[in-house]
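*Asks:* Take a look at this one; I'll ask things after.
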Amino acid sequence: MPARVVSTVAVGRDRATSALGVASAVVLCVIAALATEVHARGRPIVGPPLVHCTEKGETPQHIARRYGVRLKDLVRGSGTLQRLQADNRKRKRKNEIAKVRAQSRHHAALKRWKLAPRRKRGPRPKLKFSPLSPQVLGLHEPVRVMRPTRLHEVRDAVLRLHRGARVAWVAKTFGVPESIVRCVNMLKPRAQGVGCKRSKAPGKRRRGVPRFRYRCDGGRNALLVRLSIPKSRGRSTGRPTGGSLRHGEAMPRVPGIIVKQKQHGFGTTHLVSRLIDAVGQVHKRYAETPDLVVGDLSRQRGGRLNPHKSHQNGLDADIGYYHLDPVPTDRFTLATAKNLDLGRTWTLVKRLLESGEVQYIFMSTSIQQLLRAYVLKRRRVDGAWCLRLVRALSARRYGSLGKSRRPRASGWERCVLRTFGYRGHTNALIRHAGGHDDHLHVRFFPHGRRARGSGAP
């Protein structure tokens, strides 16, 4: 065969091989993308860690099923369960040793009984062995649950300890047993209170920085109060713009929250729980946090609430912003770049989004720009959280992430822009709505199903 023909055949083979390689690479990329999407759809939304107060006779298997965690992970993160299992292993070992000794004694007694004359024989000897019963969890013992994947109705309020507080006073003020207060805060059974000492903060005095520091016993600066949840839980019916509320629950007395109008402060049970949890997270992280003004939720039975188009089925809440300077607590205050507390406000919004039950958050574009610039500087802190949250929620309820119109935006920037609703992302979690420069509007999904209404308030 001539050399020219051989070279032509070789070139043809090379082109076919390269085309086959490109096609196989494309197929592998498509398969990987589909696998990633399926994995994102099946990925559970991980909730914040909590402390579970046990009931008498409750088992670790029941607690693991309740919160959707593996028994191994539950035991690994809870010292109570580790001590319980260690004690049960010791009891099991003691039972095995005692059983072997009892069997040897029984064997010797049975041998003597057989060798004895029949006239002098008594009753046939029996095996005498009483095993130690395994220990069970008692009433109100603390069990730490690190990464729950099922929705849980746990309502903890945060009480700042500026001058110290006694457990008996806290329990009497909020109407809960003292054992619950000790369990949630993992205090010793005989602990009567937590004392705090005030010291002046080092450095120069700056706006927004607390003047004093409070150092409490064991590094504790707050007590958690687990509030009770009513048996008849509030349920929403219909849409936010035309629905009603069944068994509406009023916002309880909680430290750090001020309701403007109590007759308009009714909502569903999970809405009230998430608001209390978000405000408590802000008080945990920041000392000297001012009270948060909560506006209209819904009426006790829902229905029309002027001047709002929504707020009819207990799934909407108007919440004020945190400010650097003292502001009146009977009304909302206009937020600007000078007086807006970005740290506390973002902690509140972030905690609400972590619950997985928020459908939309409406706020003014000017406030969004301030928060967006603040979050973009916190890549090391919120980078992994933002990507994980948006992927999990978008695959479940909001549709795919899509592509941004900014060609050079990185994955972290796309995540932040996706959260705050940039032009290229239409299914944003935080959206613009006029008249929300002094408060933000939070809309929740109905408990257990997806919300239908999606319009602006």
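The values are calculated or read from the model by the stated rules, or taken from the named source; none is laboratory data. Fair warning: this is a prediction, and the values are worked out from it, not measured in the lab. Counting neighbours? That spans all protein chains shown, and the Cβs are built from the backbone with ideal geometry, glycine included.
*Asks:* Given the condition assigned to a helix (DSSP H, G or I), in contact with a strand residue (DSSP E or B) (Cβ under 8 Å, 6 or more places away or on another chain) and at pLDDT 90 or above, answer yes or no: does some residue in the range 81-101 qualify?
*Replies:* So far as the range 81-101 goes, yes, one or more of its residues are assigned to a helix (DSSP H, G or I), in contact with a strand residue (DSSP E or B) (Cβ under 8 Å, 6 or more places away or on another chain) and at pLDDT 90 or above.
*Asks:* Quick one: in the range 276-292, which of the residues that are touching a residue at least 60 places away in the same chain (Cβ under 8 Å) and among the hydrophobic types (A, V, I, L, M, F, W, C) is farthest from residue 437 (Cα to Cα)?
*Replies:* Among them, the one singled out is 287.
*Asks:* So, in the range 307-345, of the ones that are in a strand (DSSP E or B) and touching a residue at least 60 places away in the same chain (Cβ under 8 Å), which residue ends up farthest from residue 234 (Cα to Cα)? Spell out how you get there, then give the answer.
*Replies:* First pass over the range 307-345, keeping only residues in a strand (DSSP E or B): 316-320, 323, 340.
Filter once more, so that each one left must be touching a residue at least 60 places away in the same chain (Cβ under 8 Å): 316-320.
Values: 316: 13, 317: 15, 318: 18, 319: 20, 320: 23 Å.
It comes out as 320.
*Asks:* Related question: How many residues are out of contact with any strand residue (DSSP E or B) (no Cβ under 6 Å at 6 or more places or on another chain) and within 30 Å of residue 82 (Cβ to Cβ) when one looks only at the range 111-160?
*Replies:* Narrowing the range 111-160 to residues out of contact with any strand residue (DSSP E or B) (no Cβ under 6 Å at 6 or more places or on another chain): 111-139, 141, 146-153, 155.
Keeping just the survivors that are within 30 Å of residue 82 (Cβ to Cβ) gives 129-139, 141, 146-153, 155.
Qualifying residue count, the range 111-160: 21.
*Asks:* Taking interchain pairs and intrachain pairs at least six residues apart, which have beta carbon atoms under 7 angstrom, with the first residue in the range 71-100 and not assigned by TED's automatic domain parsing to the domain that holds residue 185 and the second surrounded by fewer than 12 Cβ atoms within 10 Å (Cβ to Cβ) and not hydrophobic (A, V, I, L, M, F, W, C)?
*Replies:* So the pair list comes out as 71/61.
*Asks:* Right, here's the next one. Applying the selection to the range 55-69, what residues are of a type outside the set (Phe, Trp, Tyr), touching a residue at least 24 places away in the same chain (Cβ under 8 Å) and under 13 Å from residue 149 (Cβ atoms)?
*Replies:* Quick first cut of the range 55-69, residues of a type outside the set (Phe, Trp, Tyr) only: 55-66, 68-69.
So of that shortlist, the ones also touching a residue at least 24 places away in the same chain (Cβ under 8 Å) come out as 55-60, 63, 66, 68-69.
Residues satisfying the conditions are 66, 68, 69.
*Asks:* Can I ask one more? Which of the following residues is exposed (fewer than 13 other Cβ atoms within 10 Å of the Cβ), in a loop (DSSP other than H, G, I, E, B) and modelled with pLDDT of 65 or more: 190, 207? Explain how you work it out, then say what you get.
*Replies:* On the way: 207 fails: modelled with pLDDT of 65 or more.
The unique qualifying residue is 190.
*Asks:* A follow-up question, please. Quick check, is residue 281 surrounded by fewer than 22 Cβ atoms within 10 Å (Cβ to Cβ) and not in a loop (DSSP other than H, G, I, E, B)?
*Replies:* Working: surrounded by fewer than 22 Cβ atoms within 10 Å (Cβ to Cβ): yes; not in a loop (DSSP other than H, G, I, E, B): yes.
It is true that residue 281 is surrounded by fewer than 22 Cβ atoms within 10 Å (Cβ to Cβ) and not in a loop (DSSP other than H, G, I, E, B).
*Asks:* Within the range 356-380, count every residue that is without any contact (Cβ under 8 Å) to a residue 40 or more places away in the chain and within 14 Å of residue 431 (Cβ to Cβ).
*Replies:* So the first thing to find is which residues in the range 356-380 are without any contact (Cβ under 8 Å) to a residue 40 or more places away in the chain, and the list is 369-370, 373-374, 377-380.
Still in the list and also within 14 Å of residue 431 (Cβ to Cβ): 369.
Total satisfying the criteria: 1.
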